[in-house]
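What follows is a set of notes on a single structure, which appears directly below.
The values are calculated or read from the model by the stated rules, or taken from the named source; none is laboratory data. The structure displayed is predicted, hence computed values, not measured ones. Glycine also receives a Cβ, built like all others from the backbone with ideal geometry; neighbour counts cover every protein chain displayed. Heads up: the accessible areas ignore ligands, DNA and RNA and are worked out on the full protein's heavy atoms, side chains in. Shrake-Rupley method; radii C 1.70, N 1.55, O 1.52, S 1.80 Å.
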Amino acid sequence: MDIEEPQKTHLLVLEGPDLGTLHELDGEAVLGSDPSRADLILRDERVESGHARIYARFGRYFAEPLTARGHTELNGEVLTRPRPLSDRDRLRLGESVVEFAAQDPLKSRLIDNLRQTLNHDYLTGLLIKPRFDEELEQALAAAKERGEPLSVIMADVDNLKEINDEHGHLMGELAVGEIGRIIGRFHESDGRRATRFGGDEYQTVLPGTDAPTAASVAERLRRTVEENTFERDGVVAEPTLSLGVSTYPEHGSTAADLTRAADEALYRAKRSGGNTVVSG
């Protein structure tokens with residue numbers, strides 16, 4: 001006998017630091033604070049690294065607690081064992097409330113558009129700086145708890161002024177945006193995040209990544225940008241990228257320390273002629 005597939009559903013954060021976050025379910029999702037463990041990341045101090053799990057069985061979704069340290073409530077009752085979920089059921093984890101709901105395409109599209117506008121840079125598609133800062137703090141706290149490394153990359157376009165002077169600011173804007181999208185593609189998994197730090201400067205975080213591995217990622221990123229050309233209205237620009245790398249715990253124990261160390265490494269890369277990677 002065929003087993004009916006569960007109805008397509010999503011999780012929507014109704015309350016807490018991640019208000020408005022929408023996560024489409026595809027069989028299973030862990031809810032928690034650890035970017036390397038959770039599918040729906042809740043940046044809530046009272047949420048454990050892996051707090052609860054939602055999974056599909058026999059055409060239905062179930063919720064189960066994963067920790068005894070911070071309890072999970074389902075519709076106001078403490079969840080102590082797996083329980084089936086129904087449309088509009090609500091889970092409370094710490095200060096966060098997550099609604100389980102049948103997929104509504106119009107609602108999903110609206111929330112996705114609002115989330116994109118509120119949390120992402122219009123030019124690059126990367127996280128806006130305040131949201132990235134929150135993600136970095138959360139990832140660093142998780143790294144300290146697990147005793148794992150974490151790396152930060154700072155990157156800067158070497159020849160943007162020349163591109164602007166020679167080809168105009170529209171071409172410069174195109175280069176900044178496209179480089180940001182390349183960086184974004186390098187940071188789509190494993191809890192990695194990236195932001196546009198300033199006009200043509202970027203910052204990324206790589207949880208669970210030691211210094212040699214982070215330097216390798218930075219080098220692949222540098223080479224990818226170098227090998228790309230950007231064209232607008234028949235005009236071609238060939239920007240290059242300098243990058244600085246820092247790693248916890250070697251180069252600092254706070255987000256500010258790691259940002260400063262990566263920034264100093266970046267400027268050493270710029271002073272050496274650019275289009276290179278320097279580790280802190």
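Tabulated results
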read-out	value
Conditions (1) under 21 Å from E264 (Cα atoms); (2) open to solvent by 40 Å² or more (accessible area, probe 1.4 Å); (3) not acidic (D, E); number of the one not met by H169	(1)
Test: residue in the stretch 180-190 that is open to solvent by less than 20 Å² (accessible area, probe 1.4 Å), hydroxyl-bearing (S, T, Y) and closer than 18 Å to L136 by Cβ	no
Filtered residues of the stretch 120-132 (kept if in a helix (DSSP H, G or I) and either crowded, with 16+ Cβ neighbours inside 10 Å or modelled with pLDDT under 75 (or both))	R131, F132
All positions within the stretch 89-119 that are at pLDDT 90 or above and open to solvent by 50 Å² or more (accessible area, probe 1.4 Å)	R90, R92, E95
Any chance E178 is farther than 22 Å from D44 by Cα, in the same structural domain as V235 (by the TED database) and of a type in the set (D, E, K, R)	yes
Which numbered condition L150 fails, given (1) in contact (Cβ under 8 Å) with a residue 24 or more places away in the chain; (2) not assigned by the TED database to the domain that holds T204	(2)
Which listed residue, of T247, T240, T254, is under 14 Å from V157 (Cα atoms) and either touching a residue at least 12 places away in the same chain (Cβ under 8 Å) or open to solvent by less than 20 Å² (accessible area, probe 1.4 Å) (or both)	T240
Subset of the stretch 11-40 (residues that are under 17 Å from the mean Cα position of the chain (by Cα), open to solvent by 60 Å² or more (accessible area, probe 1.4 Å) and under 26 Å from P105 (Cα atoms))	P17, L19, E24, D39
Residue in the stretch 41-61 that is within 26 Å of the chain's Cα centre (by Cα) and in a helix (DSSP H, G or I) present	no
Residue among D87, D18, D112 that is under 25 Å from E134 (Cα atoms), part of a loop (DSSP other than H, G, I, E, B) and among the acidic types (D, E)	D18
Failed condition for R53, given (1) closer than 27 Å to R115 by Cα; (2) at pLDDT below 95	(2)
